[in-house]
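Read through the structure below, which is laid out as structure tokens, and then see the notes.
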Amino acid sequence: MNIRCAFCQTPYTLSRVEMLDALQEMDSKKLTHYDAHCPRCRRATQIPRQRMEMAMPNWRDELKEFEAEMKEHPQQAAPAPEATPVAKEESKPAPAPVNPKPKADTKSRPVTEKGTGTKPAARSELGNKAPAKNTPAASSQKGKKTTKKSK
């Protein structure tokens with residue numbers, strides 16, 4: 001049976017065995033729907049009982065056939081994985097950083113008048129252009145549009 005998740009819209013299918021289990025569970029517990037869990041988001045999408053029975057109308061007969069088939073060809077359970085002891089790692093000191101950041105050189109900067117700290121770097125030193133101050137040249141450029149002359 002093909003289903004599309006109501007939440008993540010992922011299409012997935014219910015196998016014959018899953019459908020038989022679902023129909024058997026709904027019949028025994030008198031449920032009106034089955035919660036099919038999406039393999040991607042693990043949220044449950046409700047499938048009405050009528051839709052399940054429409055997909056597998058003779059499910060009781062098929063369940064009997066499936067049980068008889070399982071008796072003829074029993075399947076062994078997969079062996080449990082052996083627990084291997086985890087080797088304890090010796091505690092090692094943390095390695096030093098490969099490229100530590102160099103500390104800022106405060107000696108090259110001029111001292112402020114109060115002598116309590118250093119002057120902040122000018123914007124031009126940092127690579128940023130300083131904004132134009134209110135100067136006659138800057139104010140005259142304010143309203144004009146600049147155009148490039150092409151040769």
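Give me the number: length gained by fully extending ASN2 to SER28, i.e. 0.36 nm times residue separation minus the C-alpha to C-alpha distance, one decimal in nm.
Length gained, ASN2 through SER28: 7.0 nm.
Put a dot 7 Å past each Cα toward the Cβ at GLN9 and LYS71; how far apart are the dots in nm?
Roughly 4.8 nm, to one decimal.
Taking the Cα atoms of the range 2-72, report the difference between the largest and smallest coordinate on each principal axis, in whole Å and largest first.
39, 25, 18
Ranked highest first by the average count of other Cβ atoms within 10 Å around their residues, in what order do 73-82, 7-16 fall?
Result, highest mean Cβ count within 10 Å first: 7-16, 73-82.
What does the extension gain come out to for ALA55 and ARG43, with contour length at 0.36 nm per residue minus their alpha carbon separation?
So the chain would gain 2.1 nm between ALA55 and ARG43.
Bear in mind that the values in this text are calculations on the coordinates, not laboratory data. What you see is a predicted model, and the numbers here were worked out from it, not measured in a lab. Cβ sites come from the backbone with ideal geometry, for glycine too, and all protein chains shown count toward neighbours.
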